[in-house]
């Protein structure tokens, strides 16, 4: 059993080059973590394997986001999210997470994988504000209140959640021009 650390308002710093990978069964128990996951979270693989993935859930994360993630995965749809995790030290780390699923030979959902990379500051700033408001709505109206807030937020932007994330995460400005130029060269 893993204890819940005291939450510190300090960030775990790690390289943008590190990709963090984890895998769970369909009930959310961790079955695999890569070494980068261990390095960033402060837990060993032995401490994490067999434990519910929500052991890393930071209290600043709205439950509604995980409700949406699990709903999408159990419906057989890949999804993405920006997630604030809680390290063993009590520090936090923000990730952009892409979730996928694996099926057995009969087509039944078997495992879920997450591929994570560091979330840049400009993304964190936008998401932190949204999540703060969602948590306030959650305190008043539970997950439904939080989801309602999110739906109203997205309706104002005339976007769905996936489009919002894609727009937020897509490189902007000069970086976008360079990436698109590089893509053209490769094609």
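All of the numbers you see were taken from the coordinates with simple rules; none came from a lab. No experiment lies behind these values; they were computed from the predicted model shown. Cβ sites come from the backbone with ideal geometry, for glycine too, and all protein chains shown count toward neighbours.
Starting from the Cα-Cα distance between residue 122 and residue 160, subtract it from 0.36 nm times their residue separation and give me the gain in nm to one decimal.
Values: separation 38, 0.36 × 38 = 13.68 nm, distance 2.00 nm.
Separation in residues times 0.36 nm, less the Cα-Cα distance, equals 11.7 nm.
Quick check: convex hull over the Cα atoms of the chain, volume per residue in Å³, rounded to an integer? Intermediate values should be presented prior to the final figure.
Working: hull volume 28.9 nm³, N = 187.
Considering the Cα atoms of the chain, their hull volume per residue is 155 Å³.
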If the label point sits 7 Å along Cα→Cβ of residue 39, residues of the range 118-138 with amide N under 14 Å come out as 118
So, relative contact order of the range 20-186 in percent, Cα under 8 Å, 6 or more apart, is 19 percent
Taking a crude spin-label model, label points 7 Å out from Cα along the C-beta direction, the residue 89 to residue 2 distance in nm is 1.6 nm
In nm, the gap between the two label points placed 7 Å beyond Cα toward Cβ at residue 49 and residue 67 is 3.4 nm
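Any chance you could run the full-extension gain for residue 133 through residue 21? It's 0.36 nm times the residue separation minus the Cα-Cα distance, nm to one decimal. Could you put the intermediate results ahead of the total?
Details: separation 112, 0.36 × 112 = 40.32 nm, distance 2.89 nm.
Going from the current span to full extension adds 37.4 nm.
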